[in-house]
1. Once phi is turned into θ = phi - 60°, what whole-Hz ³J(HN,Hα) does the Karplus curve with 6.51, -1.76 and 1.60 give for every residue of region 211-217, x standing for Gly and Pro?
2. As I understand it, the value is the acute angle between the Cα axis of helix 81-103 and the longest principal axis of the Cα atoms of the chain; what does it come to in degrees, rounded to 10?
3. For residue 92 and residue 160, what does the FRET efficiency come to when R0 = 30 Å and r is the distance between their Cβ atoms, rounded to the nearest 0.05?
4. Tabulate in residue order the Karplus-calculated ³J(HN,Hα) for region 39-48, using 6.51 cos²θ - 1.76 cosθ + 1.60 with θ = phi - 60°, rounded to whole Hz; enter x for Gly and Pro.
5. Of all DSSP beta bridges located in the chain, what percent are antiparallel, nearest 5?
6. Report which label in [x] 1.09; [y] 1.28; [z] 1.04 holds the value of Cα Rg over 2.2 N^0.38 Å derived from the coordinates of this structure.
7. Quick one: go through region 184-204 and flag any residue whose amide nitrogen is under 17 Å from the point 7 Å out along the Cα-to-Cβ line of residue 226.
8. Place +1 on the Cβ of every Lys and Arg and -1 on the Cβ of every Asp and Glu in region 107-222, take the dipole about the Cα centre, and give the residue among 113, 137, 156 whose Cα lies farthest towards its positive end.
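What follows draws every value from the coordinates through simple rules; no lab data is involved. For clarity, every value in this text was computed on a predicted model and none was experimentally measured. Neighbour counts are summed over all protein chains in view; Cβ atoms, including those assigned to glycine, are modelled from backbone coordinates with ideal geometry.
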Amino acid sequence: MKTSNFPITNWSDDDKPREKLMLKGKVALSDAELMAILIGSGNRNESAVALSQRILASAGNLNSLGKMSISQLMQFKGIGEAKAITIIAALELGRRRRAEDKIELSKITSSKIAFEIMQPIIGELSHEEFWVLFLNNSNKVISKSQLSKGGISGTIVDTRLVFKLALENGATGLILCHNHPSGNLNPSDADRQITKKMKTAGEVLDVKVLDHLIITETKYYSFVDEGTF
């Protein structure tokens, strides 16, 4: 029987995370077992799996764990700087993979699809970022670009840069996207002004601005859906 201080080396091969992955495949492992492989060892009182279970229980879920800083992770006995960095790097790779999976050959047929592409990228950030999805004639995403990165309450967007990138990418349409770290979905006056400015510029250059999304961790506001476009 496994206990929190029973060394992993004394477990059966079926229960050791690395061996279990080789024998049964990655899907057979729990989140704690996968994390235990990353950190390699626990502390004097806990195995790597037990320590991982405690960290995950404290964080609540993988999403919350991904927001923890190096110093926060190092508060757990047995997690030094190197292990904390390893955990953060692994979760960031997972986030980026999820973002890439969403954008590949995605055809935008609704605001929800645009939200699903951008939420993994900006939905969980603690600062505001402004991005643009560039689309072809079939409304398929051909590129995405970060236009600016700001503080908690706002960011500045260069209209000329948006359409320069649109023309370079051969885009015929685009969707504006930015996040509200506060979780408030209501557009600000600045949000409304930049939307109007971009839409007017797009009409002149024959690049249609299809929508503007305000994104939070779990929800979004679409200017088109809300009739404010």
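1. Along region 211-217, the couplings run 5, 9, 10, 9, 10, 10, 4 Hz.
2. 40 degrees
3. 0.40
4. 7, x, 8, x, 10, 4, 10, 9, 6, 4
5. Approximately 70 percent, going by the DSSP bridge assignments.
6. [y]
7. Inside the label zone: 184-199.
8. Farthest towards the positive pole: 137.
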